[in-house]
Every structure is written in C-alpha cells, then in structure tokens.
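**Q** Next up is a structure, given as structure tokens.
The values are calculated or read from the model by the stated rules, or taken from the named source; none is laboratory data. Nothing here was measured: the structure is a model prediction, and the numbers come from that model. Just the protein is used for accessible areas: all its heavy atoms, side chains included, with ligands, DNA and RNA removed. Shrake-Rupley method; radii C 1.70, N 1.55, O 1.52, S 1.80 Å.
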Amino acid sequence: GTDSPKIWKWIEQGYITATPGPVVDQEVLFRDMEADLEKYSPREILYDPYNASALMARFKDKIDLVECKQNMATLSPMAKDYEAAIYEGAVVDDDPVMAWEISNADVYTDANGNIKPIKHGGKKSNKHIDSVISSMMCVGRTRYLERNGEIDTRTPEQIAADMEEMLKNIDI
C-alpha cells in the first residue's frame, strides 16, 4: 500500500493504536474514546451517521452525540473555518501522523465555491486523512458554537482583561 513507512514507529511511540486483523477493532476504539472522555471531559462527540449504530448505542447515554454528515453542505463551512484558523495560527499540531495526513489531503472546490478535504488520489487511494477531517470538524464545530454564543474560548487572562476593560467603562 501507500501507507507511510513510519507507521510502525508511530505505533511504537503511541501516536497510533494498532488493532489486530485487517479492520479496525471498534472495541479498542471505544475503550480509547471512553478513556478520553474521562481525561478531557468534552461536551459532545461529532459523528458521521453512516455505519454509526455501534457508536451511538455505546455513547448515547454518556455524552451528547452531534451528527456530522460527510457531505459538502456540512463540511464546507467547517473547512472554511479550519482554513481560517490555520492561517490565524490557531491550529497547532506537532503530531507527525497529522503532518503526514495533511500531505495526503487535497482541497476539492465545487462550482459554488464550497470546499472540503479529499484524499490525494481519490476515494480508492490507500492514503489517510482521518485526522485532518476530525480536526477540521472539531475546529468548525467550536467556531460555530462560539459564533452562536454557546461557548467562550477565551483564556482566564483574556476574560479578566475584558472584565477590567468593561468595568473601566461603567459610569457610576
């Protein structure tokens, strides 16, 4: 295949979790996800509804599940937010697997100016861009929630500075 020759090294270093056999063992994936839920306490999981019944059954009572179809209407706004975040320096990822997957990604643009990442070489390519897609989905969802006032991603220092500035402007 066209997998990176560094995959075995990345497995050894803990960047990739290998599962036995030719397909991903969902039980291993789900256990990793459950550990991450405890470690990071996210509010929700974004998921592609295609073939997601096992994920939904496992996590529906543990966390909010947010459907994220892998079509142009859903992905283009996320891709545009992701692109903007990258240019702003808001996305920093020194994971070597991500760097390799970014090198596997192309940007597809349709006639209406919508964009989404696709695998270099097309759908049948053995290249991987899963990390790019999931990172894009997270950034896109976060920016959506920010725009709608549902989350505040300012640091405590930024909040304190904003409060101080606001208090200066109050006329008592």
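**Q** If you line up the long axis of helix 156-168 against the longest principal axis of the chain, both from Cα atoms, how many degrees apart are they, to the nearest 10?
**A** Helix 156-168 sits at roughly 20 degrees to that axis.
**Q** Using Cα centres only, tell me the gap between region 86-152 and region 1-25 in whole Å.
**A** Region 86-152 and region 1-25 have Cα centres spaced 21 Å from each other.
**Q** Also, I was wondering about something else. Give me the percent of the accessible area of the chain that comes from carbon and sulfur atoms, probe 1.4 Å, all protein chains in place.
**A** That fraction is 53 percent.
**Q** Sticking with this structure for a sec: Suppose all protein chains stay in the model; what accessible area per residue would a 1.4 Å probe give for the chain, in Å²?
**A** Using a 1.4 Å probe on heavy atoms only, each residue of the chain averages 71 Å².
**Q** So what is the calculated 222 nm ellipticity per residue for the chain, using -39500 (n - 2.57) for each DSSP H run with n of 4 or more, over all residues, to the nearest 500 deg cm²/dmol?
**A** Calculated from helices alone, the mean residue ellipticity at 222 nm is -15000 deg cm²/dmol.
**Q** Could you list, in their original order, any pairs among Lys39/Lys127; Lys69/Lys127; Lys39/Lys60; Lys39/Lys123; Lys9/Lys124; Lys39/Lys116 whose Cα atoms are separated by more than 28 Å? The partial results should precede the final answer.
**A** Numbers: Lys39/Lys127 30 Å; Lys69/Lys127 21 Å; Lys39/Lys60 18 Å; Lys39/Lys123 34 Å; Lys9/Lys124 25 Å; Lys39/Lys116 30 Å.
As for pairs spanning more than 28 Å Cα to Cα, those are Lys39/Lys127; Lys39/Lys123; Lys39/Lys116.
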